[in-house]
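Below is one structure, written out as structure tokens; the observations come after it.
The values are calculated or read from the model by the stated rules, or taken from the named source; none is laboratory data. On a predicted model such as this, the values are computed, not experimentally measured, just so you know. All Cβ positions, glycine included, derive from the backbone under ideal geometry; neighbour counts span all protein chains shown. Accessible surface is based on the protein model in full, side chains and every heavy atom, while ligands, DNA and RNA are left aside. Shrake-Rupley method; radii C 1.70, N 1.55, O 1.52, S 1.80 Å.
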Amino acid sequence: MLRVILLAALASSAAAARLTGKYEVERQEVSVTRFGKTSPIALYYPKDYASDSAAAYPVVAFSHGKPAGASDKEPMKVSFTELLEEIASHGVVVIAPQTCLAPKCAKAFFDQLAAIDACRQNKKLHPVLRKANFNATSLVGHGLGGQHTERSARKIRFHIKAAVALHSMPRIQWSKQAMVPTLYVSGTLDTEAPSLAIKKAYDANPQPGSRFANLKGAGHMEPSQFGDKRLNRYVAHYVRCLSIDDVVACKEMEAMCTTHKFASCTVKQNKIVTEMTSIQKVQKSCPICMAYFLVLMAVLFCCFFPSCTNERFYGK
């Protein structure tokens, strides 16, 4: 018995040692029934939330991929617990629905948003939900779950502030419609979600504050238990920076590109995009046409205002 207690204590100590946030983390499953089907949702949250002075914690809804997270051999608890505990250790409530159990994962998009809705509407599911700030919600997904995260990021009624697409299979049309800044993470060794496609999704995203990080030597499962998990802490920093304007988290994000070796690491700066006037469009598409247009305007001006030819206009 004593040996079991010691092993449990050592496991808990090891888990706390690998987390970079200041909070110890607990995990608990709750069940939600929708459309006559009961589905499990895993909650990851600061262990001492009841006595913590923090007024409220931002929320992350996580969508796993397939097969990692969706199969009996690689359940979400095994594949992504370290990632989700890392996020929660920074003072975040993580809502992670188990989904994508069918051969196709078309409903993962609905499950991610439905999990937010279920936890927001029924805070009796777990006491920590009373300290969850659903007005500061972010989306995180891996692989196919990253694709569904991009799809969910087009919605505005869920108070979504940021999204993180980890090694996702992007859809450019969804990226173009993004309503929030998005962190796109890829790896040079990822053959399932090539970095070139992810970079195109980043380029298509119109939201300032979006980032693209292509990590050298990273494969598709980098954020999971099968990878080195080098950027997992920055997932937490990104969502805290954008959802609650956490100054410390924002500074950490500014330094991210200097912490590891990247093939590419960039951020989309704030830019004011305005619609070009008709004259600007002509100037851009046909400089010679614009020159003729200006000469014509000058001739017409002189015809209507003859004084433009006198010495006072031109000088001596």
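Of all residues in region 249-271, those being open to solvent by less than 50 Å² (accessible area, probe 1.4 Å) and part of a helix (DSSP H, G or I) number 6.
Just to be sure before I move on: is residue 224 of a type in the set (S, T, N, Q) and open to solvent by less than 20 Å² (accessible area, probe 1.4 Å) in the structure I sent? Here the answer is yes, as residue 224 does meet what is asked. The set of residues in region 133-144 that are out of contact with any Leu (no Cβ under 8 Å at 6 or more places or on another chain) and surrounded by 22 or more Cβ atoms within 10 Å (Cβ to Cβ) comprises 136, 137, 139, 144. For region 87-132, filtered to residues that are touching a Pro at 6+ places or on another chain (Cβ under 7 Å) and modelled with pLDDT of 95 or more, the residue that is surrounded by the fewest Cβ atoms within 10 Å (Cβ to Cβ) is 91.
Starting from region 7-36, take each residue that is under 20 Å from residue 229 (Cα atoms) and of a type in the set (Asp, Glu) and list its partners that are modelled with pLDDT of 50 or more and in a helix (DSSP H, G or I), counting only C-beta distances under 8 angstrom and pairs at least six apart or across chains. From region 7-36, the pairs are 24/16.
Taking (1) under 27 Å from residue 113 (Cβ atoms); (2) modelled with pLDDT of 95 or more in turn, residue 47 satisfies each apart from (1). In region 272-289, the condition of being open to solvent by less than 70 Å² (accessible area, probe 1.4 Å) and at pLDDT 70 or above is met by no residue.
Each residue in region 191-221 was checked for being in a loop (DSSP other than H, G, I, E, B) and either open to solvent by 10 Å² or more (accessible area, probe 1.4 Å) or closer than 19 Å to residue 86 by Cβ (or both), and 13 of them qualify. Within region 232-253, residues that are touching a residue at least 60 places away in the same chain (Cβ under 8 Å) have Cβ atoms under 7 Å from residues that are open to solvent by 40 Å² or more (accessible area, probe 1.4 Å) and outside any helix (DSSP H, G or I) in these pairs: 233/20; 242/161; 243/161, counting only partners at least 6 apart in sequence or on another chain.
Being part of a loop (DSSP other than H, G, I, E, B), modelled with pLDDT of 95 or more and open to solvent by less than 10 Å² (accessible area, probe 1.4 Å) is a property that residue 235 lacks.
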